[in-house]
Amino acid sequence: MTEAIIQVAIGVFLIVVGILNTKGNISMLHSYHRKRVKEEDVLPFGKKIGAGSILMGLTIIVAGITDFLSLNIANIILVIGFIPAIIVIVYAMMKYNKGIFW
């Protein structure tokens, strides 16, 4: 029960951060993730990063709920949700920041 509550709380946090990012507030990202993003690209970059964060948050919430219901599919849900979320986030970083860590 406690694990499910923690998962839902983390999921909600990621959704809130994702919503802030989609509105162009990318200040919560590490400086190296936003270092070379041009001013005019901040909003599209934030929308893509935010979409990935929201998808991760929703995935964690659904996995937490299935874990709470004792359904043994939480790990499958995490993999199915995280792969596209990570692809979107990495794509945004490569397109707008010209890299992931440099």
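The values are calculated or read from the model by the stated rules, or taken from the named source; none is laboratory data. For clarity, every value in this text was computed on a predicted model and none was experimentally measured. For neighbour counting, all protein chains shown are included, and Cβ atoms are generated from backbone atoms with ideal geometry for every residue, glycine included. Areas reflect the complete protein model, heavy atoms only, side chains present, ligands, DNA and RNA absent. Shrake-Rupley method; radii C 1.70, N 1.55, O 1.52, S 1.80 Å.
Would you mind finding the one in Gly64, Gly46, Gly24 that is open to solvent by less than 60 Å² (accessible area, probe 1.4 Å) and either closer than 24 Å to Val79 by Cβ or in contact with an Asp or Glu (Cβ under 8 Å, 6 or more places away or on another chain) (or both)?
Within the list Gly64, Gly46, Gly24, the selection yields Gly64.
Can you pull out every residue in region 1-12 that is more than 10 Å from the chain's Cα centre (by Cα) and part of a helix (DSSP H, G or I)?
Those that are more than 10 Å from the chain's Cα centre (by Cα) and part of a helix (DSSP H, G or I): Thr2, Glu3, Ala4, Ile5, Ile6, Gln7, Val8, Ala9, Ile10, Val12.
Mind checking which pairs have a first residue in region 88-102 that is within 21 Å of Gly57 (Cα to Cα) and a second that is modelled with pLDDT under 90 and open to solvent by less than 50 Å² (accessible area, probe 1.4 Å), Cβ under 6 Å, 6 or more apart or different chains?
Listed by first residue and then by second, the contacts come to Met93/Ile100.
Does region 43-55 contain any residue that is in contact with a Leu (Cβ under 8 Å, 6 or more places away or on another chain), in a helix (DSSP H, G or I) and hydroxyl-bearing (Ser, Thr, Tyr)?
Looking through region 43-55, at least one residue is in contact with a Leu (Cβ under 8 Å, 6 or more places away or on another chain), in a helix (DSSP H, G or I) and hydroxyl-bearing (Ser, Thr, Tyr).
Those residues that are aromatic (Phe, Trp, Tyr) and modelled with pLDDT of 95 or more, I need them from region 58-90; list them, please.
Phe82 - this is the single residue of region 58-90 that is aromatic (Phe, Trp, Tyr) and modelled with pLDDT of 95 or more.
Are any of the residues in region 30-39 open to solvent by less than 30 Å² (accessible area, probe 1.4 Å), among the aliphatic types (A, V, I, L, M), touching a residue at least 12 places away in the same chain (Cβ under 8 Å) and assigned to a loop (DSSP other than H, G, I, E, B)?
Yes, region 30-39 contains a residue that is open to solvent by less than 30 Å² (accessible area, probe 1.4 Å), among the aliphatic types (A, V, I, L, M), touching a residue at least 12 places away in the same chain (Cβ under 8 Å) and assigned to a loop (DSSP other than H, G, I, E, B).
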